[in-house]
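First comes the structure, then the notes that go with it.
No lab work stands behind these numbers, since they all come straight from the coordinates. Fair warning: this is a prediction, and the values are worked out from it, not measured in the lab. Don't worry about glycine lacking a Cβ; one is built from the backbone with ideal geometry, like all the others, and counts go over all protein chains shown.
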Amino acid sequence: MKFAGWLNLSPAWPHVLDQAKHLDETGWDGIYVADHFMPGGPENLAPIQECWTTLAALAASTSNARLGSLVTGNTYRHPPVLAKMAAQVDIISGGRLVLGIGAAWQENEHEAYGIEYGTVGWRLQRLEESVQIIRSLFREERTTFQGKHYQVKDAPLSPKPVQDGGPRILVGGGGEQKTLRIVAKYADEWNIWGKPELLAQKGAVLDQRCEEVGRDPKSLYRSAQAIVTVSDDPAVVERARNAPGFPSIAGGVDEIVDTLGRYAEAGVDEFIIPNFNFGRGTNDAYDRLMQDVIPQAR
């Protein structure tokens, strides 16, 4: 199993850059950032740096780790424009980009910036069309697409990405009726938040969706993430396990290694560890994971 870090984009740029360089230099397989313009709560003035300009800067500042969006909100950018941006970041990085994309969910961003939000079904329809357009632009000399939401006529994409066929397209989400069908039809990678039990359950549904469209389920790369707390203090572990919000795994080194093994048994190829709970000690926390946990879990 591969391991990646997910960096919070709220700290000032020098801190984000330092953390990314540290991950790149200490053996992490990937570095991911989210695509948001503001926090999701009512107090929305906290700083958040923009995803794609950040990825371009990281592409020029790192050498080894893959770089990815986790995930781009499809509603925020027209698909051919996003394809052009992604191709350029792939070029700058020397072929290390993962293009993560999802239907978009954070309503307050749409309201604040005047971006149409629509229904869940409407956003998923747009996502399905968008992924098809982007894949074609990466691979074909010209792309024509007549969809319900997007129309592209004889569109070129030049220069092409460095990676043959374009960057891996990651689709995030766990909706069993719509999202996993889109993943099975068009994605190279599937990603979701969750604990091993959820990954096993959703993964079985995804296998079924792949079979329905005649795809080998093993051809899909699968990644997952959860908040990770490594501690031998029972009180710290208990607080982490019961904290509201994101799915969380917590415990001593042996317990975390065992849990990561269950992710691997559920079919996860890459486990992504956010730094959202690390505070000012991001580099130290990632170092402990790399020294004590990951060698036993790889």
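Couple of notes before you dig in:
- Net length gained if the chain between GLU212 and VAL162 were fully extended (0.36 nm per residue, minus Cα distance): 14.8 nm
- Looking at the chain, the DSSP beta bridges with both ends there are about 10 percent antiparallel.
- Within straight-line cross-link reach of LYS153, aspartates and glutamates at Cα separation under 16 Å, skipping those fewer than 8 residues along the same chain: GLU129, GLU140, GLU141
- With contacts taken as Cα pairs under 8 Å and at least 6 residues apart, the chain reaches a relative contact order of 18 percent.
- Here's the picture: charge each Lys and Arg Cβ at +1 and each Asp and Glu Cβ at -1 in the range 1-159, and of ALA65, TRP28, GLY94 the one pushed furthest to the positive end of that dipole is GLY94.
- If only the Cβ of Lys and Arg carry +1 and only the Cβ of Asp and Glu carry -1, the dipole of the range 2-221 around its Cα centre is close to 500 debye.
- Rg/Rh for the chain, where both radii come from Cα atoms and Rh is the Kirkwood radius: 0.95
- In the chain, the longest principal axis of the Cα atoms and the axis of helix 51-61 are about 70 degrees apart.
- Axis of helix 120-139 versus longest Cα principal axis of the chain: the two differ by about 80°, to the nearest ten degrees.
- Cα-based Rg / Dmax (Å) for the range 133-286: 19.2, 61
- For the range 1-88, trypsin sites (Lys or Arg not before Pro) are listed when DSSP marks them as loop and at most 15 other Cβ atoms sit within 10 Å of their Cβ; the list is empty.
- The separation of the range 41-89 from the range 132-201, counted between C-alpha centres, amounts to 16 Å.
- Summarising the label geometry, the points placed 7 Å from Cα in the beta-carbon direction at ARG142 and GLU255 lie 6.2 nm from one another.
- For the chain, the longest piece that avoids every one of the GluC sites (Glu not before Pro) found in DSSP loops with at most 15 other C-beta atoms within 10 Å covers 177-298.
- Distance between the range 94-116 and the range 238-267 - C-alpha centres, whole angstrom: 28 Å
- Length gained on full extension, ARG298 to ARG239: 18.5 nm, using 0.36 nm per residue less the C-alpha separation.
- Using just its DSSP H runs of length 4 or more, each adding -39500 (n - 2.57), the chain gives a mean residue ellipticity at 222 nm of -12500 deg cm²/dmol after division by all residues.
- Along the axis of the charge dipole computed for the chain (Cβ charges of +1 for Lys and Arg, -1 for Asp and Glu, origin at the Cα centre), the listed residues PHE37, PRO167, HIS15 are led at the positive end by PRO167.
- Full-stretch length increase - LEU45, ASP284 - with 0.36 nm per residue and alpha-carbon distance subtracted: 83.2 nm
- Of all lysines in the structure, the ones whose alpha carbon falls short of 17 Å from that of LYS2, not counting any fewer than 8 places away in one chain, are LYS195, LYS218.
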